[in-house]
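Computed from the coordinates by the stated procedures, all read-outs in this text should not be read as laboratory data. Just so we're clear, the structure is a prediction, and the values are computed from it rather than from any experiment. Virtual Cβ from ideal backbone geometry, glycine too; neighbours counted across all protein chains shown.
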Amino acid sequence: MEIIHLSEINSTNDYAKELAKEGKRNFVVLADKQNNGKGRWGRVWYSDEGGLYFSMVLDSKIYNPKVINLLVPICIIEVLKNYVDKELGIKFPNDIMVKVNNNYKKLGGILTELIDDYMVIGIGINVNNKIRDEIREIAISLKEITGKEIDKVEILSNFLKIFENYLEKLKNKEIDDYEILKKYKKYSITIGKQVKILLSNNEVVTGKVYDIDFDGVVLGTEEGIEKIPSGICIHVR
């Protein structure tokens, strides 16, 4: 996959979208620093120097977005397992978490946008960047965990190798979509948890997560079983 490397940019997702509008597909935009990094629903993603920030553009006519949505966090976990000896997991829908002193802290996040016939997948991983005071309670970097600088480009290279290998296996039918779902569920730290999910209309749904599939979480609420496709998920216990 072609990599376009920039030292500084407002947002890798926005830059990738501009290129995608011109017809470019299956490429990566990598930035050393983002001035206007975006999280889900327009939230700020702090993107200070030292972190790994990149966006991929894939053709959604070739790749199923629902499968890719689950595959990307799996590949990140499988890469990061080589750098930390702590438990890693996925908090629904796509936060990369690490267990430190019995608490999960955020190591990375993913923002997927589906537009026309392509998808833009933005990925941010805290590698060597200093975590800002306002999010220190909930976030951590690889450097903080390991006590040493880690090669960001090596992480990206390893991620792309694993990701493209999975894509090839899916294409050749060596594995199917449900094997990806099974693996995602294995890494999920949300299944079985009591959660609050903030929806895009600001409604909050509370319940226990019984399952996760390609269309979201299966939540047991006071009203019965509900399927929630996406949202900001908070683990209550």
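Positive end of the dipole of the chain, charges at C-beta (+1 Lys, Arg; -1 Asp, Glu), about the Cα centre: which of Ile121, Ala139, Pro93 has its Cα farthest in that direction?
Of the options given, the answer is Ala139.
Figure the gain on full extension for Ile175 and Val236 (residue separation times 0.36 nm, minus the Cα-Cα span) and round it to one decimal in nm.
Full-extension gain reported as 18.5 nm.
With point charges of +1 on the Cβ of Lys and Arg and -1 on the Cβ of Asp and Glu, referenced to the Cα centre of the range 82-237, which listed residue (Leu160, Asn102, Thr190) lies farthest in the positive direction of the dipole?
Asn102
Among Ile225, Ile155, Ile96, rank each residue by its count of other Cβ atoms within 10 Å, from fewest to most, as a rough exposure measure.
Sorted ascending by nearby Cβ count, the order is Ile225, Ile155, Ile96.
Figure the gain on full extension for Thr146 and Lys61 (residue separation times 0.36 nm, minus the Cα-Cα span) and round it to one decimal in nm.
26.6 nm
Hey, got a sec? Which GluC sites (Glu not before Pro) in the range 114-202 land in a DSSP loop and have at most 16 other Cβ atoms within 10 Å? Intermediate results must be reported in sequence, preceding the final value.
Numbers: sites: Glu134, Glu137, Glu144, Glu149, Glu154, Glu164, Glu168, Glu174, Glu179; in loops: Glu137, Glu149, Glu174.
Filter output for the range 114-202: Glu137, Glu149, Glu174.
Take each complete run of DSSP H in the chain, measure how far its Cα atoms stretch along the helix's own axis, and keep only those covering 20 Å or more with mean Kyte-Doolittle hydropathy at least 1.6; list them.
Counting only whole DSSP H runs, the qualifying helices are 65-80.
Just rank Ser47, Ser188, fewest to most, by other beta-carbon atoms within 10 angstrom.
Ser188, Ser47
Defining a contact as two alpha carbons under 8 Å apart and six or more residues distant in sequence, what relative contact order in percent does the chain show?
16 percent
Order the peptides 106-117, 49-60, 19-30 from the highest to the lowest mean number of other Cβ atoms within 10 Å of their residues.
49-60, 106-117, 19-30
Taking the radius of gyration and the Kirkwood hydrodynamic radius from Cα positions alone, what is the Rg/Rh ratio for the range 100-215, to two decimal places?
Taking Rh as the inverse mean 1/r over Cα pairs, Rg/Rh reads 0.99.
With the Cα gyration tensor of the range 45-133 in hand, give its eigenvalues times 5 under a square root as the equivalent ellipsoid semi-axes, listed largest first in whole angstrom. Write out the running numbers ahead of the final one.
Details: eigenvalues 124, 46, 22 Å².
Whole-Å semi-axes of the equivalent ellipsoid: 25, 15, 10.
Can you give me the Cα centroid spacing of the range 48-105 and the range 166-237 in angstrom?
15 Å
Quick check: residue separation of Asn26 and Asn101 times 0.36 nm, minus the Cα distance between them. What number comes out in nm?
Details: separation 75, 0.36 × 75 = 27.00 nm, distance 3.92 nm.
So the extension gain works out to 23.1 nm.
Which residue, Thr190, Thr12, Thr206, has the most motion in a Gaussian network model of the chain that connects Cα atoms within less than 10 Å?
Among Thr190, Thr12, Thr206, the largest GNM mean-square fluctuation belongs to Thr206.
For n ≥ 4 DSSP H runs only, could you compute -39500 (n - 2.57) per run for the chain, divide by its residues and tell me the 222 nm figure to the nearest 500? It would help to have the intermediate numbers written out before the result.
On the way: 5 runs with 62 residues, N = 237.
Result for the chain, helices only: -8000 deg cm²/dmol.
Computed FRET efficiency, Cβ-Cβ of Glu223 and Leu6, R0 45 Å: what is it to the nearest 0.05? Present the calculation step by step, with values, prior to reporting the outcome.
Working: r = 48 Å, r/R0 = 1.06.
Between Glu223 and Leu6 the formula returns 0.40.
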